[in-house]
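Everything below concerns the one structure shown next.
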Amino acid sequence: MLANLPPAEEVPLNAEGVQEVMLVVSRSGYTPIHFSLQAGVPARLVFRQLGYVPGGNELYVRWGERQETYLILNSPTDTKVLDFVPQEPGEFRFSCPHDWYEGVMTVVG
């Protein structure tokens, strides 16, 4: 995993009972770079970029052994939403395809 990773930011439930995290990529990396979700609770990841970020418009995210996807932003103002339910506790790395930007999602049981 990533060296010098800060403690995970806990993602609160929104009014719909969904763990919602806004993941923003900038030229300095992802914010938050490390966040945690509860297993078995619906989650929503909202992905956007802060201005034009070379290579940052694509996000590869995993939330289980065989659960993964790519989110691709079509412009600097585009936003993509991934709704999922994390089931497997563990640490799952997310990154751009070139590994220039990376972070960790921790799923706790």
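Structure summary
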quantity	calculated
Where the chain is the region considered: accessible area per residue in Å², 1.4 Å probe	54
Cα gyration tensor, segment 1-47 - rounded (a/c under 1.5), prolate or oblate	oblate
Relative contact order computed over the chain (Cα-Cα under 8 Å; 6+ residues apart), in percent	29
Exposed GluC sites (Glu not before Pro) absent: longest stretch of the chain, with sites in DSSP loops and at most 16 other Cβ within 10 Å deemed exposed	17-64
Protein accessible area in the chain, 1.4 Å probe - carbon and sulfur %	50
Cut-off 17 Å, label 7 Å out along Cα→Cβ of Thr69, residues of segment 2-23 by amide N	18-23
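The values are calculated or read from the model by the stated rules, or taken from the named source; none is laboratory data. Please read these numbers as outputs of a predicted model, since none were measured by experiment. Glycine also receives a Cβ, built like all others from the backbone with ideal geometry; neighbour counts cover every protein chain displayed. Heavy atoms of the whole protein, side chains included, go into the accessibility calculation; ligands, DNA and RNA do not. Shrake-Rupley method; radii C 1.70, N 1.55, O 1.52, S 1.80 Å.
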